[in-house]
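The values are calculated or read from the model by the stated rules, or taken from the named source; none is laboratory data. Being a predicted model, the structure only gives us computed values, none of them experimental. Here the Cβ is made from the backbone with ideal geometry for all residues, glycine too, and neighbour counts use every protein chain on show. When the accessible area is computed, the model is the full protein with side chains, heavy atoms only, and any ligands, DNA or RNA have been set aside. Shrake-Rupley method; radii C 1.70, N 1.55, O 1.52, S 1.80 Å.
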Amino acid sequence: MRFTRDEVEAALHTVREVVPATPQYAWPLLARRLGMTVWVKHENHTPAGAFKIRGGLTYFEQLAREGGAGCGVITATRGNHGQSVGFAARKYGLAATIVVPHGNSVEKNAAMRALGVELVEHGDDFQAAREHAMRLGEGNGLHMIPAFHRDLVRGVMTYWVEFFSSFARGDEPEAVFVPIGQGSGFCAAAAARAHTGARSSLVGVVSAHATTYLDSFRAGRVIEAPVTTRLADGMACRIADPEALEIVLREADDVIAVSDDDVAEAMRVLFADTHNVAEGAGAAALAAAMQERERWRGRSVGVPLTGGNVDTAVFAAVLSRA
């Protein structure tokens, strides 16, 4: 997936009207703990607490250019994509319906409702919620916003452009670890790497309890896998998107899996060493870097803290197990 310079500049303009460039730091305590330089890109510092807001803004800007969405929009989510849609829908004056699975994050649901969306609960996982959203959209004349789309990737790409562009050519981290949920984050990293000429290796990270992208990467084709993660809801994908998988197959140097226990430890480490709150998927990249510390010892890596929208009770339980 390639973007012209004009497309990238337009996305940066659209996003920066709402989201200033987020900070990135090489935290000394992380370096001491892992034995390598760890650059953290803080996407938990956006107005929606996660990177997804960027994609919503560019998607809706393009939708407005094409004449709008008629009766309104609908999508499915585990939370951060829904907040992105709700935020952008409110900006563009559109009604939004969001479908979430039963048992979804209480506080993410509350955040979406606060943005004015109509929240519908259906099914036991994201795929069931997505299929229900598609049926509702078709029956009610609503524009269905997918979880993976070129205009979503174009917006998400802006944070990776910020990241790679902050380094002099050749001084980029040797590898960046990129969480994979539905695929927009990884595809955005690959597009930004090509756009900036960065040389960092891209390592995809999946939940060990939601392995469709890992299994598909190994098989070279889409492999459905069950979802059992209790903590990394932003990575709880049952069926890899074929277009996203094609990019992962072409651009990833590797794809690795981290368990819920790994993610919980990374959440605790981020809080102890940086005093930032990370949701499960938000800590997955650091969990992968911790898992791979011997391979990268003495070198430089990058990890995005992709979101901080974790329920209070969940985060308290994670911290109490330290």
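Brief remarks on what is shown
- Convex hull volume of the stretch 248-302 per residue (C-alpha atoms, cubic angstrom): 96
- Surface composition of the stretch 199-249: carbon plus sulfur atoms hold 47% of the accessible area, using a 1.4 angstrom probe and ignoring ligands, DNA and RNA.
- Surface per residue (accessible, 1.4 Å probe) for the stretch 233-322, Å²: 38
- When both bridge partners sit in the chain, DSSP labels roughly 20% of those beta bridges antiparallel.
- Within the straight-line cut-off of under 17 Å between alpha carbons, the aspartates and glutamates reachable from K108 are E43, E118, E121, D124, D125, D233, E279, D311, sequence neighbours fewer than 8 places apart in one chain being disregarded.
- Based on every Cα atom in the stretch 143-197, Rg and the maximum pairwise Cα distance Dmax equal 12.1, 43 Å.
- Placing unit charges on the Cβ atoms only, positive for Lys and Arg and negative for Asp and Glu, gives the chain a dipole magnitude near 520 debye about its Cα centre.
- With every protein chain in place and a 1.4 angstrom probe, the accessible-area ranking of S200, S320, largest first, reads S320, S200.
- Karplus-derived 3J(HN,Hα) values for the stretch 178-192, using 6.51 cos²θ - 1.76 cosθ + 1.60 with θ = phi - 60°, are 10, x, 10, x, 8, x, 5, x, 5, 5, 5, 5, 5, 5, 5 Hz; glycine and proline are entered as x.
- The Cα-based radius of gyration and maximum Cα-Cα distance (Dmax) for the stretch 201-281 are 13.4, 40 Å.
- Label zone at T228, where the point sits 7 Å out along the Cα-to-Cβ direction: the stretch 245-278 residues whose backbone N lies under 12 Å: 260
- The trypsin sites (Lys or Arg not before Pro) found in the stretch 1-99 that occupy coil by DSSP, while having at most 12 further C-beta atoms within 10 Å, are R2.
- For Rg and Dmax of the Cα atoms in Å, the value calculated from this model appears in (1) 18.2, 56; (2) 21.2, 78; (3) 21.8, 88 under label (1).
- Derived scalar couplings ³J(HN,Hα) [the stretch 69-78; Karplus, 6.51 cos²θ - 1.76 cosθ + 1.60; whole Hz; x for Gly, Pro]: 10, x, 6, x, 10, 9, 7, 10, 6, 9
- For the pair R150 and E246, label points projected 7 Å from Cα toward Cβ lie 1.1 nm apart.
- Residue of T212, T274, T77 that the Gaussian network model of the chain assigns the largest fluctuation, springs spanning Cα pairs under 10 Å: T274
- Taking θ as phi - 60° and the Karplus parameters 6.51, -1.76 and 1.60, the scalar couplings of the stretch 47-62 work out to x, 9, x, 6, 5, 4, 4, 4, x, x, 5, 6, 4, 6, 4, 5 Hz in sequence order, x denoting glycine and proline.
- Extension gain for E138 to D171 (0.36 nm times residue separation, less C-alpha to C-alpha distance): 7.0 nm.
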